[in-house]
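The values are calculated or read from the model by the stated rules, or taken from the named source; none is laboratory data. Quick caveat, the model's predicted, so the values are computed rather than measured. Note that each Cβ is placed from the backbone with ideal geometry, even for glycine, and that neighbours are counted across all protein chains shown.
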Amino acid sequence: MHADTITRNRSFWWDRARCAYADVPALEAVIFDVDGTIADTERDGHRLAFNAAFAHHGLNVYWDVAEYGRLLRITGGERRIAADLLDRGYGQAAGELATAVHRTKTALFRDSILNGDIDPRPGLLDLIWGLHCAGIRIGIATTGRRSWVEPLVRQLIGDGVVEVTITGDDVTRLKPDPEAYQRALHELGIRPDAAMAIEDSAVGLRAARGAGLATVIVTTDYTAHQDFTGAAAVLPGYDGLEPLSARHCKRLHDRWWLGQRQ
Ligand code: XBP
Ligand code: MG
């Protein structure tokens, strides 16, 4: 065959379509929710503090496991109390009472954290350490109050690893509004497609997706039945058959953005 024909028939990489992954941005940061995600705090943590606070204020209110599960659709402890007191017929007094009860609950929950009562979810610390070592930055976006979030994060993760912490005190609209995630991205100084969120609930998924983030779900007993359409992955925990590692996060992030681009 003539040399010209050979050259004409040969295919070169620069003639081919662009590599599918060429437009997928690198994963630079992972932003974690707190309740249900860093630790399984709701049933045996917050709930007990809420009940103790109701008793402290002489209110005949007790949230059992099932009722608290239903109330979790209302984000923010103070709003949750106020909504329930309204339902129970406290009328105009509900708002002021909720503020006082929530202040007590926050102090009690903080004490319990400082007491070492809350453990991280199994496998979380391996993931955090793996992300840190891979140069992937770590942020927090929660609707919980800063006065307990900070000691919890310090106690479970330690100092110097989490770069940005956005709490319910830093936003005007709680989840499912995306504000907490938008603020975390703003403080990290990155675009949504360079980060990924880890959440445990459908409400959290809405918030993270609203901010444009690929989102991995790690379910809890309270959230396992929820609808997670639009998530990059839904896992029962960090320490499953294939534990969630930094490499796995990068792969899920890349695959999710590839799907979006296509
Ligand atoms: C969970 C919440 C919080 C906690 C209680 O938020 O909605 O209200 O239940 O904490 P996330 P506070 O999953 O975003 O962390 O009493 O401090 O609100
Ligand atoms: Mg949560």
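Observations on the structure shown:
- Boolean, residue 58 is within 18 Å of the chain's Cα centre (by Cα), on the phi > 0 side of the Ramachandran plot and modelled with pLDDT of 95 or more: no
- Options 203, 164, 171; residue that is away from ligand 2 (no atom under 16 Å from the Cβ) and among the aliphatic types (A, V, I, L, M): 164
- Subset of the range 136-156 [within 15 Å of ligand 1 (Cβ to nearest atom) and in a loop (DSSP other than H, G, I, E, B)]: 142, 143, 144, 145
- Here residue 215 fulfils each of the conditions (1) crowded, with 19+ Cβ neighbours inside 10 Å; (2) touching a strand residue (DSSP E or B) at 6+ places or on another chain (Cβ under 8 Å); (3) touching a residue at least 24 places away in the same chain (Cβ under 8 Å) apart from (3).
- When 159, 117 are checked against the criterion of being touching a residue at least 12 places away in the same chain (Cβ under 8 Å) and assigned to a loop (DSSP other than H, G, I, E, B), a single residue qualifies: 117.
- Residues satisfying the stated conditions in the range 44-98, i.e. of a type in the set (A, V, I, L, M, F, W, C) and either out of contact with any helix residue (DSSP H, G or I) (no Cβ under 9 Å at 6 or more places or on another chain) or not in a helix (DSSP H, G or I) (or both): 55, 59, 61, 63, 66, 72, 74
- Exclusive hit being in contact (Cβ under 8 Å) with a residue 40 or more places away in the chain and closer than 23 Å to residue 24 by Cβ, set 235, 188: 188
- Single residue of 209, 183 found to be touching a helix residue (DSSP H, G or I) at 6+ places or on another chain (Cβ under 7 Å), of a type in the set (Lys, Arg) and away from ligand 1 (no atom under 12 Å from the Cβ): 183
Residue by residue, here is whether (1) within 12 Å of ligand 1 (Cβ to nearest atom); (2) surrounded by 18 or more Cβ atoms within 10 Å (Cβ to Cβ); (3) assigned by TED's automatic domain parsing to the domain that holds residue 243 holds:
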{"position": "64", "(1), (2), (3)": "no, no, no"}
{"position": "75", "(1), (2), (3)": "yes, yes, no"}
{"position": "86", "(1), (2), (3)": "no, no, no"}
{"position": "96", "(1), (2), (3)": "no, no, no"}
{"position": "123", "(1), (2), (3)": "no, no, yes"}
{"position": "134", "(1), (2), (3)": "no, no, yes"}
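- Annotation: of all residues in the range 149-168 being of a type in the set (Asp, Glu) and surrounded by fewer than 16 Cβ atoms within 10 Å (Cβ to Cβ), the one that is modelled with the highest pLDDT is 163.
- Taking each residue of the range 31-51 that is more than 11 Å from ligand 2 (Cβ to nearest atom) and looking for partners that are at pLDDT 95 or above and part of a helix (DSSP H, G or I) with beta-carbon atoms closer than 6 Å, six or more apart or interchain, yields 31/184; 43/65; 47/68; 49/105; 49/108; 49/109; 50/105.
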